[in-house]
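Each remark here refers to the structure printed beneath this line.
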Amino acid sequence: MISRILLSGLLVSVVLGFGLQAQQATTPTMLGTPPPTLVAPGGQVTVDLRTFLGVPGVTGQVVQFDTVRGTFNAELLANDAPRTVANFLNYVNRGAYTNSIFHRSVRNFVIQGGGFAVSGSTVNTIPTDAPIALENKVSNLRGTMAMARTNDLNSATSQWFVNTGNNSGQLDTTNGGYTVFARVLGNGMTVADSIAALPIFDASAILNSAFNELPLLGLPANPANLVVVRSVRPVPIYPATNGEAAVVTFSATNQNSIVAAGSVSGSALTITGGVAGTATVRARATDSNGSAAEVVFNVTVAVAAPVITAQPLNLIAATGRMMVLNVAASGPNLTYQWKRIPAVPIPGATGPQLIVNPVTASDAGTYYCTVSNSAGEVDSAGAIVAVRANGTNRLSSLSVRANLDATQVLTVGFSTTAAKNLLVRAVGPKLVDFGVANFNPDPRLEIFDGAQRPTANNDNWAPTLGPVFQSYGAFGFDANSRDAALVTRSDGAATAEIKSSGNGIVLVEVYEEVAATPATLNGVATLHRVGTGGGILIAGFAVTGDVAKTLLIRGVGPKLATFGVGDRLTDPKIEVRTVGDLMLAANDDWSPSVAAATPGLGFAFDLGSKDAALLVTLPPGAYTAQLSGADGGTGNGLIEIYEVP
């Protein structure tokens, strides 16, 4: 059955003071000029094109109308008509407007749709939801979209119309006005105008009186000549991937691709260097109606001189132990030469790490590294090394931060060199005090010994542990919180498993008593899924004592295949940072020299694999080791921290 929806109240009146909105240009616009781009031969630079090209002023959800006369986009005005926008999206999201038709057209006034859909040779009424209340706030200017209704102010359901003329005088106040809920973007009104220009036929004798102003592509009045809306769907303003429907799509053209070539993926432009020289890459933003803007990237392809990104650390080393100095630098084809002041090259020290093992009193001095390539060289800052006999150091606490959902188990392994009481905690709700809003609401903790036998468990911590936290140097919990904690006796390897019925960030901590002697906590390992951004895997640790401590830190991905782990991190990267987020050392692909210096620590990597490993000697302080995908990838990864004897 076809029901009639009336658009009534066409008296002309102008009421001063009604809030008419000025229409901003919503076509692609250049937002800024790209700076000169330097890229190395074979190197790449990736740029977010949304920095330089965009659609200013468009901040709301956009829906795209694909019609037989072309495509146009409309921004929904949720701040002005929240109930109407929600109602409209309900119809959109269930596909109610798929193969719907424009059933009414009045020249220089409106084109109207949303009431009927065609299926084969049949025109059917679109099933409607409950009517919504009037939200008459925005003026019915040309290019706006509003809801059709009957004489009842609060009767709008599925039907909408596009104002093809300036109807503010007719539709803003007459009979209570009509709710504007969207505006057509860019040059999309050319599509609406082409529909409005079609011949109009009185098909009321065939259908009913709702079709007495029916636009048709031609005669006869059959389904093939109806003005069909193929689909209405929400779209982003900018695409995340190629081929994704969006308001704007990006493309690139190259002036001299032998020197530099630009390619686009979604909203990202990647410029790849070729041979040395200069070139231009033009990036273009084009909307659904063909309006476009472009910017030019002036590219120079040349070898970039090295830049130091992490300096070697001053430290106090203990005699008889290993000392490692690290430097990190950016730039292609880097070579390294460690030197000792006054400018004495150290034989064989030609990598980003200087390993001294064992340290003797004569190793005290100032060390630096010269990093070079064909474009130049740069010296690191000098690292002052003092040497002390019989110094002490220890790992006083270990922690792991990860995103845990209800389908996962977070597994944290730790080890001691002798039997010792340890405080183990799974922190969720308390993290809000440290600025973590998406904390896990209720972590549960279970401990297993080296034979995988359960030894202890806790869901919600006991208040009697409050004084114990202080003796271990741990921060307190709020009374009756759902954080978990227990004290367990560990002798060798042990494992903590953390589960939860909720989702969010959890922090797992292992503490040795502050006054405990001798120190026995000597390593931690965690296998978990590694994401991006806040979803990377982070292990924290603290070094205490009067001399620096050397650690082996590894990030495992490809090697996990040996142990049957699927969905692995393909190219893990390890970074060691201070708690203030200053990077101290990093490694992408491991070096055999690290394995040679630490025999017996960890299982062997396959030669040439993309697993990561680094040695680092750290002065007393608090640090994090962060595991991520060097290529931005995600997957299961293992982070390991070993004390080097």
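Quick note: the coordinates plus some simple rules give every number you see, no bench work behind them. Quick caveat, the model's predicted, so the values are computed rather than measured. Positions of Cβ are generated from backbone atoms using ideal geometry, with glycine treated the same way; all protein chains shown enter the neighbour counts.
Extent of the chain along each principal axis, from alpha carbon coordinates, in Å, largest to smallest?
103, 67, 50
With θ set to phi - 60° and the Karplus curve 6.51 cos²θ - 1.76 cosθ + 1.60, what are the ³J(HN,Hα) couplings of the stretch 632-644 in order, to the nearest whole Hz, using x for Gly and Pro?
Computed from phi, the couplings for the stretch 632-644 are x, x, 10, x, 6, x, 10, 10, 10, 10, 10, 6, 8 Hz.
Rounded if a/c is under 1.5, else prolate if a/b beats b/c, else oblate: with a ≥ b ≥ c from the C-alpha gyration tensor eigenvalues square-rooted, which is the stretch 395-530?
On the way: a/c = 1.72, a/b = 1.26, b/c = 1.36.
Because a/c hits 1.5 or more and a/b fails to exceed b/c, the stretch 395-530 counts as oblate.
What ranking, highest mean first, results for peptides 368-375, 623-630, 164-171, 119-126 when packing means the other Cβ atoms within 10 Å averaged over each residue?
Values: 368-375: 18.9, 623-630: 22.1, 164-171: 20.6, 119-126: 12.6.
For the peptides 368-375, 623-630, 164-171, 119-126, the packing ranking is 623-630, 164-171, 368-375, 119-126.
Under 5 Å between amide H atoms, partner at least 5 residues away or on a different chain: which partners does T455 have, H built in plane at 1.01 Å?
Excluding prolines and chain starts, which carry no amide H, the hits are I447, F448, D449.
Taking the Cα centre of each part, how many Å lie between the stretch 76-113 and the stretch 126-159?
Going from one Cα centre to the other spans 9 Å.
What would the Debye equation give as log₁₀ I(q)/I(0) for the stretch 243-371 at q = 0.12 Å⁻¹, counting only Cα atoms as equal point scatterers?
These q points yield log10 I(q)/I(0) values of -0.66.
Would you grab the residues whose amide H sits under 5 Å from the one on A630? Only those 5+ places off in sequence or on another chain, please, with H modelled 1.01 Å from N.
D571, K573
Mind ranking 145-152, 190-197 by how tightly packed they are, going by the mean number of other C-beta atoms within 10 angstrom, highest first? Walk me through the numbers before you get to the answer.
Values: 145-152: 20.8, 190-197: 18.5.
Per-residue mean Cβ counts within 10 Å order the peptides as 145-152, 190-197.
State whether the stretch 59-235 is rounded, prolate or oblate according to the following rule on the C-alpha gyration tensor (a ≥ b ≥ c being the square roots of its eigenvalues): a/c under 1.5 gives rounded; otherwise a/b larger than b/c gives prolate, and the remaining case gives oblate. Intermediate values should be presented prior to the final figure.
On the way: a/c = 1.40, a/b = 1.36, b/c = 1.03.
Judged from the Cα gyration tensor, the stretch 59-235 comes out rounded (a/c under 1.5).
Shape call for the stretch 535-645 from the C-alpha gyration tensor, a ≥ b ≥ c root eigenvalues: rounded (a/c under 1.5), prolate (a/b greater than b/c) or oblate? Spell out each step's value before the answer.
Numbers: a/c = 2.13, a/b = 1.39, b/c = 1.53.
Oblate.
For T417 and T150 in the same chain, what is the full-extension length gain: residue separation times 0.36 nm, less their Cα-Cα distance, in nm? Could you put the intermediate results ahead of the total?
Values: separation 267, 0.36 × 267 = 96.12 nm, distance 8.16 nm.
Taking T417 through T150 to full extension adds about 88.0 nm, to one decimal.
Using amide H atoms built 1.01 Å from N in the peptide plane, name the residues 5+ places from K549, or on other chains, whose amide H lies under 5 Å from its own.
L618
Mind checking the dipole of the stretch 395-530: about its Cα centre, +1 per Lys or Arg Cβ, -1 per Asp or Glu Cβ, Debye to the nearest 20? Write down the numbers at each step before the final one.
Numbers: 10 positive and 13 negative charges, 30 e Å.
Approximately 140 debye in magnitude.
Tell me, what HN-Hα J-couplings in whole Hz come from the Karplus equation 6.51 cos²θ - 1.76 cosθ + 1.60 at θ = phi - 60° for each residue of the stretch 339-345, using x for Gly and Pro?
9, 10, 4, x, 6, 9, x
Peptides 36-48, 100-112: what's the order by average Cβ count within 10 Å, highest mean first?
Numbers: 36-48: 15.2, 100-112: 22.2.
The densest-packed peptide leads the list: 100-112, 36-48.
In terms of Cα to Cα distance under 12 Å, which aspartates and glutamates are near enough to K420, apart from those fewer than 8 places away along the same chain?
D491, E512, E513
For the chain, calculate the relative contact order in percent as a whole number, restricting contacts to Cα pairs under 8 Å that are 6 or more residues apart.
The normalised contact order for the chain reaches 12 percent.
In whole Å, how far is the Cα centre of the stretch 324-356 from that of the stretch 465-506?
The distance from the Cα centre of the stretch 324-356 to that of the stretch 465-506 comes to 42 Å.
How much FRET efficiency would the formula 1/(1 + (r/R0)^6) give for D459 and D433, where r is the Cβ-Cβ distance and R0 is 30 Å, rounded to 0.05?
Numbers: r = 21 Å, r/R0 = 0.69.
That gives a FRET efficiency of 0.90.
Which length gain, in nm to one decimal place, applies between A596 and L207 when the Cα-Cα distance is subtracted from 0.36 nm times their residue separation? Mind dumping the intermediate values first?
Values: separation 389, 0.36 × 389 = 140.04 nm, distance 8.57 nm.
Stretched out fully, the A596 to L207 stretch lengthens by 131.5 nm.
What is the diffusion coefficient of the stretch 516-586 in µm²/s, taking the Kirkwood radius over Cα pairs and the Stokes-Einstein relation at 37 °C with a viscosity of 0.692 mPa s?
On the way: Rh = 14.6 Å.
It comes out at roughly 224 µm²/s.
Can you work out the Karplus-derived ³J(HN,Hα) for every residue in the stretch 145-157? Use 6.51 cos²θ - 1.76 cosθ + 1.60 with θ = phi - 60°, whole Hz, and x for glycine or proline.
10, 9, 8, 7, 7, 8, 5, 6, 4, 10, 10, 5, 10
Please determine, in degrees from 0 to 90 and to the nearest 10, the orientation of helix 82-93 with respect to the longest principal axis defined by the Cα atoms of the chain, where the helix direction is its Cα long axis.
The angle comes out at about 90 degrees.
What full-extension length gain, to one decimal in nm, is calculated for N357 and L607 as 0.36 nm per residue of separation minus the Cα-Cα distance? Working shown, then result.
On the way: separation 250, 0.36 × 250 = 90.00 nm, distance 2.37 nm.
Once the chain is fully extended between N357 and L607, it gains 87.6 nm.
I want to check the label-to-label distance for N242 and S257. Put each point 7 Å from Cα in the C-beta direction and report it in nm to one decimal.
Output for this residue pair reads 1.2 nm.
Would you please report the Å³ per residue occupied by the convex hull of the alpha carbon atoms in the stretch 248-301?
Hull volume over Cα atoms, normalised by residue count, gives 57 Å³.
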